[in-house]
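In what follows, a structure is listed as structure tokens, so that the remarks can point back to it.
The values are calculated or read from the model by the stated rules, or taken from the named source; none is laboratory data. Computed from a predicted model, the values in this text were never measured in an experiment. Heads up, the Cβs are rebuilt from the backbone with ideal geometry, glycines too, and the neighbour counts pull from every protein chain shown. Accessible surface areas use protein heavy atoms only, side chains included; no ligands, DNA or RNA. Shrake-Rupley method; radii C 1.70, N 1.55, O 1.52, S 1.80 Å.
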Amino acid sequence: MPEMNSHVPQHVAIIMDGNGRWASERGLPRREGHRAGAESVREVVETCKELGIKFLTLYAFSSENWNRPRTEIKALMSLLKGFLRRKTPEMQKQGVRLHAIGRLEELPDDCRAELEKAIEHTSSNTDLDLVLALSYGAREEIVDACRQLAREAVTGDLDPESIDNDAITQRLYTAGIPDPDLLIRTSGECRISNFLLWQISYAEIVITRKYWPDFREADLHQAIAEYARRHRRFGAI
Ligand code: IPE
Ligand code: IPE
Ligand code: MG
């Protein structure tokens, strides 16, 4: 029998996919799928807290999602704004600390303002760190880290020969956040879609066919159980 990994993951990252198909199959506009997905977020946050998971990262909007029709982008941004406004008091009560990663400067001003407010209001909470990936692309994140390294090298603050894994890790948007142990993708798609490329080097990957709006507490428990059955070797034997 393989060695069991009994620990719950410290950090779970989720590619929340399938909102559009969930809606289409019901004859609803895609926007309704995004709206329904908010309930899954609530349930997953609650379940992570119960399980003692310390970090939850949710892929909410990718760099590439800017290529969607303007109407869908508008709907997503307005849902995001409403979500942040409604959920901040709840996150406060639950001890959830909000973070955001991505090129946040590309978000509409009103969304960014709501986001900054929520981050500030929840900044002293310690039970669960909730990281929203917004206007996020992993390649863009690595590009931004390279630019930062180059700036420091040019000013003489950094010796290029001293650049190592840690130097890069510390200049990513996720600096200070441990790598995900478990990566979940919903909707059955078997791809990464430019999410956390650097950080998922050794993440365990679980893909479920459920669409994100159908993803519930039991589905998270199932993914964690699958994770617990995995034998993480990190290249050793
Ligand atoms: C995920 O659902 C949400 C975002 C990418 C913003 P999709 O909108 O990608 O839904 P599908 O994949 O088209 O069903
Ligand atoms: C990934 O889903 C991005 C988010 C979940 C926010 P997509 O639906 O954008 O990814 P692709 O297009 O199927 O790769
Ligand atoms: Mg999709």
Report summary line: Within region 39-65, residues away from ligand 3 (no atom under 14 Å from the Cβ) and surrounded by fewer than 17 Cβ atoms within 10 Å (Cβ to Cβ) come out as 39, 42, 43, 46, 50, 51, 52
Report summary line: Scanning region 210-237 residue by residue, those touching an Asp or Glu at 6+ places or on another chain (Cβ under 9 Å) and within 21 Å of residue 189 (Cβ to Cβ) turn out to be 210, 211, 212, 213, 215, 216, 220, 226, 227, 230
Report summary line: Inside region 173-198, the number of residues satisfying the requirement of being without any contact (Cβ under 8 Å) to a residue 40 or more places away in the chain and more than 16 Å from ligand 1 (Cβ to nearest atom) is 2
Report task. Looking at (1) within 16 Å of ligand 2 (Cβ to nearest atom); (2) over 19 Å from residue 107 (Cβ atoms); (3) among the small types (Gly, Ala, Ser), find the lone condition where residue 52 falls short. Result -> (1)
Query raised in the report: From the list 202, 227, which one is in a helix (DSSP H, G or I), hydroxyl-bearing (Ser, Thr, Tyr) and more than 16 Å from ligand 2 (Cβ to nearest atom)?
Result: 227
Query raised in the report: Does residue 118 satisfy the criteria of being buried (at least 17 other Cβ atoms within 10 Å of the Cβ) and part of a helix (DSSP H, G or I)?
Result: yes
Query - Looking only at region 5-25, and only at residues there that are open to solvent by 10 Å² or more (accessible area, probe 1.4 Å) and over 18 Å from residue 183 (Cβ atoms), the one that is modelled with the lowest pLDDT - result: 6
Query raised in the report: Could you count how many residues in region 50-89 are in contact (Cβ under 8 Å) with a residue 12 or more places away in the chain and among the acidic types (Asp, Glu)?
Result: 2
Report summary line: When residue 29 is run through (1) away from ligand 2 (no atom under 12 Å from the Cβ); (2) under 24 Å from residue 180 (Cβ atoms), the failure sits at (2)
